[in-house]
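Below is one structure, written out as structure tokens; the observations come after it.
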Amino acid sequence: MTDLFIGGKWCPADSGATFTTLNPADGSVFEECAEAGVTDVDRAVAAARAALNDPTWADMPAHARARLLWRVADLIEEVGDELAELETRDNGQPLGIARSVTVPGAAEHFRYFAGWCTKIEGSVLPVAFPDTLHYTRREPVGVCALITPWNFPLMIAAWKLAPALACGNTVVVKPAEQTPLSTVMLVELMERAGFPPGVVNLLTGGPATGAALAEHPDVDKVSFTGSTAVGRKLVHASAGNLKRLTLELGGKTPSIIAADADIDAAVAGNVQGALFNSGQVCAAYSRFYVDRRRADEFTEKMAAAASALRLGPGLDPASQLGPLVSEEHLAKVDSYVRGAQDEGAELVTGGRRADGPLSSGFFYEPTVFAGVTESMAVAREEVFGPVIPVLSYDDPDEIVDRANNSEYGLAASIWTRDLSTAHRLAAKVRAGAVFINMIHVPDAATTWGGFKASGWGREMGPYAIDAYTEVKGVWTHLGGA
Ligand code: ADP
């Protein structure tokens with residue numbers, strides 16, 4: 001049983017309510033967690049507000065904040081194996097991913113933003129008024145609600161916690177109800193690192209907990225990663241006190257494979273780009289535009305590579321693809337697959353739930369479709385599963401419009417040997433990140449976020465500092481009072 005963490009103390013929900021999380025590899029109940037209600041949300045926000053105004057945090061020198069963040073990174077690494085295994089049991093991801101991507105990715109975020117603490121500067125600006133000194137200050141936004149999804153729970157919590165705290169905010173973090181456990185452990189580590197009480201608060205719970213936080217009049221900012229549908233709700237929920245919002249929402253990443261691409265390299269990269277974490281990645285490559293002359297070859301090789309991946313429980317070192325997160329999500333993925341078949345796409349491989357010894361878990365076979373057109377839902381909507389729809393194109397001039405013909409704009413990928421093609425397309429495609437001849441990767445030092453319905457604002461890099469600070473201009477008349 002895990003508790004809430006409010007004002008530096010672990011406690012059950014006021015109502016005593018709990019919910020359970022499942023192990024997606026076998027469907028068994030894994031853990032019971034406190035389910036925060038409205039009064040718990042009030043308590044957590046009040047604790048965060050009190051800590052924001054308390055000199056222990058408000059006046060803490062930047063280098064001391066940096067040490068706290070750095071210490072969290074060290075602690076994450078110290079318990080890295082345990083944390084990785086917890087993530088695998090709760091979320092399903094193969095242990096290899098948890099160990100080599102999730103845990104180091106979270107630690108590196110804390111280190112990168114530890115470095116920023118002492119570099120959050122203002123500037124002196126040459127205003128037009130004579131005898132006037134003008135400078136800017138960057139100040140914390142205030143109490144930040146951090147609402148995270150289930151696909152990379154630990155890493156995405158770190159993406160938000162590290163910059164929010166580097167900038168001197170206080171936070172209430174709410175992990176997804178399917179996968180709260182690595183965030184609970186991370187908050188334990190933050191308590192050990194020595195953050196003052198109330199600076200970091202944790203509420204576990206579902207959509208109702210998230211909604212109460214998002215509507216709360218004393219929350220100054222919400223940073224959210226999740227579906228576009230919930231992102232839209234947050235825009236409405238934030239209207240009351242005009243909260244600042246950072247939204248990292250859905251995606252439908254086009255991957256463009258030009259006639260001159262090295263097809264074997266493209267297959268190796270795209271199979272990972274599509275199927276990494278079983279396709280449960282917001283930037284997953286999920287519609288493939290292949291020059292018609294290479295489409296059959298690409299499809300055949302993608303199908304061979306996808307079906308060769310070993311599906312199995314994340315804790316089994318031989319597994320390359322884990323289960324989907326839940327029964328409900330598996331049903332959604334399956335309905336897209338059935339829909340594509342009904343709409344006339346050609347199923348090349350996969351297309352069904354895994355049976356046999358894997359049937360108690362939420363495993364879905366990697367699936368490749370040929371002959372897909374943009375009218376099909378599988379080419380337009382976010383499936384968030386191991387599904388690869390292959391489309392083709394005849395005229396390179398049509399490809400920009402087709403790639404941009406989407407409500408989303410999170411990422412795009414281009415596979416070509418020609419530098420002009422690569423960079424011309426990179427400039428024209430409407431997406432927050434473009435990956436040329438490579439799989440999608442996040443990095444603390446650069447930007448993450450989307451154009452259009454993929455969200456508002458950017459995470460990571462200096463952009464996260466903008467997202468977690470308010471800018472104040474200070475004017476002084478130097479001519480005497
Ligand atoms: P998915 O569709 O992938 O499950 P969601 O966008 O529904 O993703 O959920 C992402 C996060 O948002 C989770 O922590 C979830 O509890 C939370 N959430 C869901 N609905 C709301 C809401 N109306 N307001 C605030 N948070 C919500």
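Tabulated data for the structure shown
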{"item": "Acute angle (nearest 10 degrees) that the helix 419-428 long axis makes with the longest principal axis of the chain, alpha-carbon atoms", "result": "60 degrees"}
{"item": "Neighbourhood charge, 15 Å Cβ-Cβ cut-off, centred on ALA422 and excluding it, Lys, Arg +1 and Asp, Glu -1", "result": "-1"}
{"item": "Equivalent ellipsoid semi-axes - Cα gyration tensor, region 277-357, angstrom", "result": "23, 17, 13"}
{"item": "Cα-Cα P(r), region 226-340, percent of pairs per 10 Å interval", "result": "12, 32, 30, 18, 7, 1"}
{"item": "For region 371-445, convex hull volume per residue from C-alpha positions, Å³", "result": "124 Å³"}
{"item": "Computed Kirkwood radius, in angstrom, where 1/r is averaged over Cα pairs of region 276-324", "result": "12.5 Å"}
{"item": "10 Å-binned pair-distance histogram of region 329-461 (Cα, whole percent)", "result": "11, 33, 35, 18, 3"}
{"item": "Values of log10 I(q)/I(0), in the order q = 0.17 Å⁻¹, for region 37-192 under a Debye, Cα-only, solvent-free model", "result": "-0.98"}
{"item": "Rounded to 5, percent antiparallel among DSSP beta bridges of the chain", "result": "45 percent"}
{"item": "Cα lying deepest toward the dipole's positive end in region 21-163, options ALA36, PRO130, ASN23, charges on Cβ", "result": "PRO130"}
{"item": "Expected 222 nm ellipticity per residue - DSSP helices of 4 or more, -39500 (n - 2.57), all of the chain, to 500", "result": "-11500 deg cm²/dmol"}
{"item": "Nitroxide proxy distance, nm - points 7 Å out along Cα→Cβ at LEU242 and ALA50", "result": "3.0 nm"}
{"item": "Overall dimensions of region 400-439 as given by Cα atoms, namely Rg and Dmax in Å", "result": "9.6, 29"}
{"item": "√(5λ) per eigenvalue of the Cα gyration tensor, the chain, largest first, Å", "result": "39, 29, 19"}
{"item": "Computed lengthening from VAL29 to ALA62, 0.36 nm per intervening residue step minus Cα-Cα distance", "result": "7.6 nm"}
{"item": "Under the Karplus curve 6.51 cos²θ - 1.76 cosθ + 1.60, θ = phi - 60°, whole-Hz ³J(HN,Hα) for region 78-90, x wherever Gly or Pro sits", "result": "4, 9, x, 5, 5, 5, 5, 5, 4, 4, 5, 5, 7"}
{"item": "Convex hull volume per residue for region 181-286, taking Cα atoms only, in Å³", "result": "155 Å³"}
{"item": "DSSP bridge pairs, region 1-147: antiparallel proportion in percent, nearest 5", "result": "90 percent"}
{"item": "Largest-first ellipsoid semi-axes for region 32-129, taking √(5λ) over the Cα gyration tensor eigenvalues, angstrom", "result": "33, 23, 13"}
{"item": "Length-normalised contact order for region 140-287 - Cα pairs under 8 Å, 6+ apart - percent", "result": "23 percent"}
{"item": "Nearest-ten-degree value, helix 153-166 long axis tilted from longest Cα axis of the chain", "result": "30 degrees"}
{"item": "Unit charges at the beta carbon, dipole of the chain: most positive-side option, PRO313, VAL103, ALA370", "result": "VAL103"}
{"item": "Where labels lie 7 Å past Cα in the beta-carbon direction, separation of ASP218 and GLU297 in nm", "result": "6.5 nm"}
{"item": "Over region 442-481 - Rg/Rh using Cα atoms and the Kirkwood inverse-distance radius", "result": "1.33"}
{"item": "Mean-position separation - Cα centroids, region 227-300 and region 121-177, in angstrom", "result": "27 Å"}
{"item": "Among 424-434, 243-253, the order from most to least packed when residues are scored by Cβ within 10 Å on average", "result": "243-253, 424-434"}
{"item": "Highest-first arrangement of 326-337, 199-210, 41-52, 6-17, where packing means the average Cβ count within 10 Å", "result": "199-210, 41-52, 326-337, 6-17"}
{"item": "Given charges at beta-carbon only (K, R positive; D, E negative), |dipole| of region 284-407 in Debye", "result": "440 debye"}
{"item": "Cross-link reach list, aspartates and glutamates versus LYS472, counting only Cα pairs under 14 Å and skipping chain neighbours closer than eight places", "result": "GLU121, GLU139"}
{"item": "Packing rank of 383-394, 301-312, where each peptide gets the mean count of other beta carbons within 10 Å, highest leading", "result": "383-394, 301-312"}
{"item": "Under-5 Å amide H pairs with ILE436, H placed in peptide plane, nonlocal only", "result": "ILE414"}
{"item": "For region 26-79: rounded, prolate or oblate by the Cα gyration tensor [a/c cutoff 1.5]", "result": "oblate"}
{"item": "Estimated inter-spin distance, VAL471 and ARG352, nm [label 7 Å along Cα→Cβ]", "result": "5.8 nm"}
{"item": "Check: the chain dipole with +1 on Lys, Arg Cβ and -1 on Asp, Glu Cβ, in debye", "result": "1160 debye"}
{"item": "For region 148-239: Kirkwood Rh in Å [reciprocal of mean 1/r, alpha carbons]", "result": "13.5 Å"}
{"item": "Using θ = phi - 60° and Karplus 6.51 cos²θ - 1.76 cosθ + 1.60, couplings along region 60-73 (whole Hz; Gly, Pro as x)", "result": "5, x, 4, 5, 6, 4, 4, 4, 4, 5, 4, 4, 4, 4"}
{"item": "Long-range HN-HN contacts of SER286 with modeled amide H, under 5 Å", "result": "THR253, SER255"}
{"item": "From phi via Karplus (6.51, -1.76, 1.60), per-residue ³J(HN,Hα) for region 236-242 in Hz, x at Gly/Pro", "result": "5, 5, 7, 5, x, 10, 6"}
{"item": "Average projected area [Cα convex hull, region 138-199], square nanometres", "result": "4.0 nm²"}
{"item": "Within region 11-161: Cβ-based charge dipole about Cα centre, in debye rounded to nearest 20 (Lys, Arg +1; Asp, Glu -1)", "result": "700 debye"}
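Every number in this text was worked out from the coordinates using simple rules, so none of it is lab data. Computed from a predicted model, the values in this text were never measured in an experiment. Counting neighbours? That spans all protein chains shown, and the Cβs are built from the backbone with ideal geometry, glycine included.
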